[in-house]
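The values are calculated or read from the model by the stated rules, or taken from the named source; none is laboratory data. Being a predicted model, the structure only gives us computed values, none of them experimental. Note: ideal-geometry Cβ built from the backbone for every residue, glycine included; neighbour counts use all protein chains shown.
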Amino acid sequence: MRKVGICGAGLIGASWAIGFANAGYRSLVYDNDPNSSENFKKIFDKLIQDIKLIDPDIDAEKIKNNIQLNCSMEQICEESILIQESVVEDLKVKQDIYKQLDELTSKDTILASSSSYLVISKISEFVEHKHRCINAHPALPPHVVPFVEIAGSEDTSEEIINEALNIYKNANYAAILVKKETEGFVLNRLQGALLNEAVRLHEGGFASMEDIDIALKHALGIRWAFMGPFEIMDLNAPEGIKDSFSRYRTGIQNLARQQNTVPSYSDEYLNKLDKEQRQRLDYHDRSDRIEKRNKMIALIRKLKIELGEDV
């Protein structure tokens with residue numbers, strides 16, 4: 001059984017451990033928090049319930065048996081073909097962890113960071129064997145969203161990139177390649193563009209938070225669950241994607257010119273956002289909403305699997 005090391009046992013690390021274990025890998029989990037194992041077990045029980053909505057026949061015991069907790073840093077490095085680093089989003093912390101991983105692993109072990117924004121050239125700045133360092137950024141919540149985007153730096157070898165893509169695909173993730181190093185990769189750049197426009201519309205008084213969310217969840221989001229922007233454009237005009245862009249490019253370009261500003265995200269505005277959102281959803285109800293979010297995503301995935309639109 002091939003082994004994968006999980007460095008960091010929070011929600012992201014636990015999700016990775018379960019995902020790899022479910023695909024038949026041995027997940028070796030390290031965390032420097034003495035309470036991490038108990039916390040992991042609680043997270044595991046919650047995450048498995050979501051996964052069972054997608055596949056009621058899933059063998060939770062088999063997954064659990066493929067996960068080894070309380071491992072030392074040395075243990076996860078000994079025989080793992082890949083180390084999935086999922087510690088706090090702090091450059092200094094990640095750099096220190098990568099230096100340790102570089103010293104403890106063989107020079108061909110893949111070192112993959114779950115970082116959302118920090119690029120691997122910065123994280124691996126003080127690493128000797130930079131050729132095997134990559135970003136492998138998942139989507140939240142990763143236990144029910146089978147996605148990972150792979151990005152290397154100028155120092156990362158093509159062989160390592162291809163090997164990583166194969167590992168994640170074998171673990172049943174929809175793995176994409178980010179061809180050039182860029183902050184935020186693909187997922188967060190797309191998400192950031194949408195968030196910035198939502199803020200511009202709200203802050204400018206064009207629509208309420210509620211109505212902006214409705215436009216996404218009851219219109220765009222339904223299509224986006226199984227189509228991307230280029231396929232949507234291809235199906236939006238009689239002759240396909242070129243016809244669609246030709247018809248709408250003037251309007252699209254006009255909007256782009258209007259959107260060419262960066263919201264300030266001032267404390268005053270963030271306080272306004274928080275106040276309005278808490279009127280929509282009480283802070284104490286957030287955990288229930290998060291559970292419902294995970295269940296909804298799991299059920300959407302189940303439907304996509306049934307209709308042949310999944311990984």
Q) PHE206 passes all but one of (1) outside any helix (DSSP H, G or I); (2) touching a residue at least 24 places away in the same chain (Cβ under 8 Å); (3) over 28 Å from ASP310 (Cβ atoms); which number fails? A) (2)
Q | Given (1) farther than 19 Å from TYR25 by Cβ; (2) touching a strand residue (DSSP E or B) at 6+ places or on another chain (Cβ under 9 Å); (3) at pLDDT below 95, index of the condition ALA151 fails | A | (3)
Q: Answer yes or no: is there a residue in the range 199-206 that is assigned by TED's automatic domain parsing to the domain that holds TYR269, of a type in the set (Lys, Arg) and surrounded by 13 or more Cβ atoms within 10 Å (Cβ to Cβ).
A: yes
Q. Is one or more of the residues making up the range 259-269 farther than 25 Å from VAL199 by Cβ and among the aromatic types (Phe, Trp, Tyr)?
A. no
Q) With respect to the numbered conditions (1) touching a Leu at 6+ places or on another chain (Cβ under 9 Å); (2) surrounded by fewer than 11 Cβ atoms within 10 Å (Cβ to Cβ), which one is the sole condition not fulfilled by SER244? A) (2)
**Q.** Matching residues in the range 103-129 - criterion: being part of a helix (DSSP H, G or I) and surrounded by fewer than 21 Cβ atoms within 10 Å (Cβ to Cβ)
**A.** GLU103, LEU104, SER121, LYS122
Q) Only one residue in CYS77, CYS71 is assigned to a helix (DSSP H, G or I) and closer than 26 Å to ILE123 by Cβ. Which one? A) CYS77
Q) Quick one: how many residues across the range 79-102 are over 17 Å from the mean Cα position of the chain (by Cα) and of a type in the set (S, T, N, Q)? A) 3
Q: Scan the range 169-183 for residues that are in contact with a helix residue (DSSP H, G or I) (Cβ under 9 Å, 6 or more places away or on another chain) and either surrounded by 20 or more Cβ atoms within 10 Å (Cβ to Cβ) or under 22 Å from ALA21 (Cβ atoms) (or both) and report the count.
A: 5
